[in-house]
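Visitor: Starting off with a structure, shown below.
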Amino acid sequence: MFNKLAAAFLPFYRRLLPDSSLAPLTRARRLLGNMEPATVRCVAGEPKMTISFRVDGSQKHMQREQDEPLGKLLSRIACTLAKGKTKAKKAKRNAGHQQPTAAGDTPEPAVVKLYVDGGEVPQTVLNAEAWRDGAVLQLGDVRYSVRRNEPTFTTAELPASLLAGFPVCPRLEMEFGDLDHCDFTWYKEKSPNSSGKAAGEGSAPDAAWTEVGQTRVYVPSNQDIGCRLKLHSTPKDRGGRHGQPGELLSVGAVEAGPGTCTFDERHAYTAKEAAWPSLRVVSYNILADVYAQTELSKTVLYPYCAPYALELDYRQSLIKKELAGYHADVVCLQEVDKGVFLDSLTPALDAFGLDGVFKLKEKQHEGLATFYRRTRFKLLSCHDITLSEALTSDAAHAELLERLSANDALREKIVKRSTALQVSVLEDLHQAGRKVCVANTHLYWHPQGGNVRLVQMAVALQHLSHVIGKVAPGAPLVFCGDFNSSPNSGVLQLLTEASLSRQHADWSSSGPQEEDSPSSLLAMDLISPFPPLLSACGPLAYTNYVGGFQGCLDYIFIQPHSMRVEQVVPMPAHHLVTTYTALPSVAHPSDHIALVCDLRWEP
């Protein structure tokens, strides 16, 4: 465990700031007798502990059993020091800097002791108990201040793409601390490439850098274009303890942004968070990188889009700015790459006050993500399913499965789909006991797959009804997603009318590798377990706009007896959507457009 953590954060700490910038830390050390730190990581429940300290310019790392007597570890440290001195003497002799020594002339073992509150710790005490925070480790004439489980960054990275006007959200992970209490200071080069050094070559003189911000997220201005950025950070916990400061240097310089984006005018409607008891909801298919980077996407689906605008780093810069500007309380995303969720969206949205959960599609590299504002909601439980698995294994769908047995081809097609349903039950932190069930899905994509989507929606609604009835009775449903269904589809009729006749045209859908013959068709009446739902954003001309298709596929559904719509954020002006022919573009990161609305609980 420690080796992985060390590999992650040691490069970060090797790039320390110049001594002058560490003056406050230096003064603190003088108060402790000018002692260097000995960092100890010892976590209850883990068999091993680690200790790290610097000797003669070399960093030492040792991993030992927590239930080992202290004396064995101190002896091991003494032997390590003695071997180091012996090697150093041999190196000097080989270099001709020292006279040969007599055989057997080896350095005496250094005195190695551990003190707590001025008293020596008995060597029979176990490591887990002996190495206390504030203890003093003596190695010969050198003393070290023991820092046990001090706040530490385990991951620290800056994004590769830096655009003027777009937030730079560092990826930070830590243990024994709280990101909300850490100190951050941003710097930019006073002139482009003024330092003349790349990351890892050491810091440039302070005179080459200008402080530009003291927040976790920095938004570069046009004055920063051409300059690299540097982030100095100190890990802290809520009690004021701090760990070793360090810095990150951007690989590239800040570049010019794309100018006006499709979402800029929309942000005027969401400049502030929704006032309680209202909540703002966003549903957005953000276009998975696994699809954007295919040859089909570049040459057939989006040939009008500049290649660099399809790159992940570029699109993520736009997505982060767009989502941050909505100040949403609940965000449901589709087509989220697993790596994007972990490495990009989670650290970025965490900085803006949102926590998130992820549901990966089976045998896929992308899935669904639901984020919620942690000052508004607490996540009570998750009830995610793969729709095909639920259909075949959950007794609640036995009747539907039996009816599907009349059409083996359709049943097989449905069972092969990896379509997921993400279900999160949230509790309102401002009113105890009030809950909301947030559902998020991305239904089967094929234009002729209406019959598949009908069965998928029937399974989803039955599951949602069961979850609400069991864990959140009376909780309203907010159902978001890319349903790949037009307003006149069977899926929309089932949702808005609570029933669907076997006569609906979608039952005769003929998808790929399926013959449109009477023997392959299946029709049935469907009844929703919910009363008619309301499309919160109303009828829209399109939510998906690509070169070969424009239509409404995305929705936010609510129960009108439980919630009402307070505001629907207008869609982007059509001329903005078509400025670069279609979507995605240099000014819009996806082929879909986000739905944004404010909802309010009915009394």
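Visitor: Is the shape of segment 313-454 rounded, prolate or oblate, going by the alpha carbon gyration tensor and its root eigenvalues a ≥ b ≥ c, with a/c under 1.5 for rounded and a/b larger than b/c for prolate?
Guide: Judged from the Cα gyration tensor, segment 313-454 comes out oblate (a/c at least 1.5, b/c at or above a/b).
Visitor: Express the carbon and sulfur contribution to the solvent-accessible surface of the chain as a percent, rounded to the nearest whole number, probe 1.4 angstrom.
Guide: With neighbouring chains kept in place, the figure for the chain is 52 percent.
Visitor: Place a label point 7 angstrom from the Cα of residue 191 along the Cα-to-Cβ direction, then list the residues of segment 209-230 whose backbone nitrogen is under 15 Å away.
Guide: Only 209-210, 226-228 pass the distance filter.
Visitor: With the crude spin-label approximation of a point 7 Å out along Cα→Cβ, what separation in nm comes out for residue 44 versus residue 113?
Guide: Taking the simple label geometry, residue 44 and residue 113 are separated by 3.1 nm.
Visitor: Okay, next question. Read through the labelled values (i) 17, 41, 28, 12, 2, 0; (ii) 17, 44, 31, 7, 0; (iii) 19, 53, 26, 2, 0 and report the label of the one computed as P(r) over Cα pairs in 20 Å bins from 0, in percent from the structure.
Guide: So the structure-derived entry is (i).
Visitor: Sort 254-260, 313-319, 555-561 by the packing proxy (mean of other Cβ within 10 Å over each peptide's residues), most packed first. Walk me through the numbers on the way to the answer.
Guide: Working: 254-260: 16.4, 313-319: 23.0, 555-561: 19.6.
The packing order, highest mean first, is 313-319, 555-561, 254-260.
Visitor: Which entries of 83/236; 190/272; 338/413; 236/435; 298/338; 48/230 show an alpha-carbon separation above 31 angstrom in the structure shown?
Guide: In this structure, 83/236; 190/272; 236/435; 48/230 lie more than 31 Å apart at Cα.
Visitor: Treating the angle as unsigned and between 0 and 90°, give the value, to the nearest 10°, between the Cα long axis of helix 450-471 and the longest Cα principal axis of the chain.
Guide: 60
Visitor: Calculate, for the chain, the solvent-accessible area per residue in square angstrom, rolling a 1.4 angstrom probe over the heavy atoms of the protein chains.
Guide: Here the residues of the chain average 44 Å² of exposed surface.
Visitor: Dipole of the chain, Cα-centred, from +1 at each Lys and Arg C-beta and -1 at each Asp and Glu C-beta, to the nearest 20 debye? Mind showing how you got there, number by number?
Guide: Working: 62 positive and 66 negative charges, 525 e Å.
Roughly 2520 debye for the chain.
Visitor: Please compute, for the alpha-carbon atoms of segment 544-599, the extent along each of the three principal axes and give them in descending order in Å.
Guide: 41, 18, 16
Visitor: Could I ask something else about it? Tell me which of 460, 480, 509 sits at the most positive position along the dipole axis of segment 377-525, charges placed on C-beta atoms (Lys, Arg +1; Asp, Glu -1).
Guide: Positive-end residue among those listed: 480.
Visitor: Taking +1 at the Cβ of each Lys and Arg and -1 at the Cβ of each Asp and Glu, which of 563, 58, 432 sits farthest along the dipole of the chain towards its positive end, judged by Cα position relative to the Cα centre?
Guide: It is 58.
The values are calculated or read from the model by the stated rules, or taken from the named source; none is laboratory data. Here the structure is a predicted model, which means the values were calculated and not measured. Cβ atoms come from the backbone with ideal geometry, glycine included; neighbour counts cover every protein chain shown. With ligands, DNA and RNA removed, areas are computed over all heavy atoms of the protein, side chains included. Shrake-Rupley method; radii C 1.70, N 1.55, O 1.52, S 1.80 Å.
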